[in-house]
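The values are calculated or read from the model by the stated rules, or taken from the named source; none is laboratory data. This is a predicted model, so every value here is computed, not measured. Glycine also receives a Cβ, built like all others from the backbone with ideal geometry; neighbour counts cover every protein chain displayed.
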Amino acid sequence: MLPTKMNPQFIYLMLFLPSMIVLSQNSAYPSLYGDDEGSCGNSPALLVDVPRDKNITAEVMKSLNIPKGVKRVLFRTLNTDRRLMWKKQFDTSYVGFMKDGAQWLKDNTGIKLVGIDYLSVAAYDDLIPSHLVFLENRDIILVEGLKLEDIEAGIYNVHCLPLRLLGAEGSPIRCILIK
Ligand SMILES: *[C@@H]1O[C@H](CO)[C@@H](O)[C@H](O)[C@H]1NC(C)=O
């Protein structure tokens, strides 16, 4: 469903399955709620536009100039322009993180929540290596399958509410952004 304007002050985003949150399996994983660094409930998040002609490499990450201190970032890419989330067929040519982009994010930012507008944060060509980088320290939450059409880039409060699935390393979620 497209974001609906409920009120000039609020932008309401409805993101249906298969939006997923991916966690590395570990009991010491930061709480998904509250004010922990990696929490994804009621916390500020930055929506940024990625240059449309590239996957998310170290160079691209650098060029985005994400201000220091930003902990949650939703990356809007060519996937949104191509409306990939609306297509039935899985498309392996989606944009995502290359391994060096994931590594750059880990080494140079304090980002603890990474959201993306298709089914995987990792580009198909670097599917496993990028995930391994992100999940290695068990402190970065990955949110996949976001529908980010018609929203202005900028800061929002993000609310992503996972299901309480015992022992699960991921969960379907619904995410909303509130301005
Ligand atoms: C991103 O990488 C995929 C392979 O993972 C490739 O098919 C696609 O063309 C790349 N997209 C861009 C914009 O470079």
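Picking from residues in region 121-140 that are touching a Phe, Trp or Tyr at 6+ places or on another chain (Cβ under 7 Å) and modelled with pLDDT under 95, the one that is farthest from the ligand (Cβ to nearest atom) is Arg138. Which residues, taken from region 121-136, are in a helix (DSSP H, G or I) and within 28 Å of Asn42 (Cα to Cα)? Listed by number, the residues that qualify are Ser130, His131, Leu132, Val133, Phe134, Leu135. Taken over region 83-120, the criterion of being farther than 25 Å from Ser43 by Cβ, buried (at least 22 other Cβ atoms within 10 Å of the Cβ) and more than 11 Å from the ligand (Cβ to nearest atom) is satisfied by no residue.
In this structure, does Val60 turn out to be β-branched (Val, Ile, Thr), out of contact with any strand residue (DSSP E or B) (no Cβ under 8 Å at 6 or more places or on another chain) and not in a loop (DSSP other than H, G, I, E, B)? Outline the logic, then answer.
Values: β-branched (Val, Ile, Thr): yes; out of contact with any strand residue (DSSP E or B) (no Cβ under 8 Å at 6 or more places or on another chain): yes; not in a loop (DSSP other than H, G, I, E, B): yes.
Here the answer is yes, as Val60 does meet what is asked.
Cβ-Cβ distances below 9 Å connect the following pairs, each with a first residue in region 78-106 that is modelled with pLDDT of 95 or more and in a loop (DSSP other than H, G, I, E, B), a second residue that is more than 15 Å from the ligand (Cβ to nearest atom) and not aromatic (Phe, Trp, Tyr), and a separation of six or more residues or different chains: Arg83/Glu149.
Checking the structure you have, find out if any residue of region 38-49 is in contact with a Cys (Cβ under 8 Å, 6 or more places away or on another chain) and at pLDDT below 65.
Step one: of region 38-49, the residues in contact with a Cys (Cβ under 8 Å, 6 or more places away or on another chain) are 40-41.
Those still in the list that are at pLDDT below 65 too: none.
Looking for residues that are in contact with a Cys (Cβ under 8 Å, 6 or more places away or on another chain) and at pLDDT below 65, one finds none in region 38-49, hence no.
The criterion of being among the small types (Gly, Ala, Ser), farther than 15 Å from Ile111 by Cβ and under 14 Å from the mean Cα position of the chain (by Cα) holds for Gly145.
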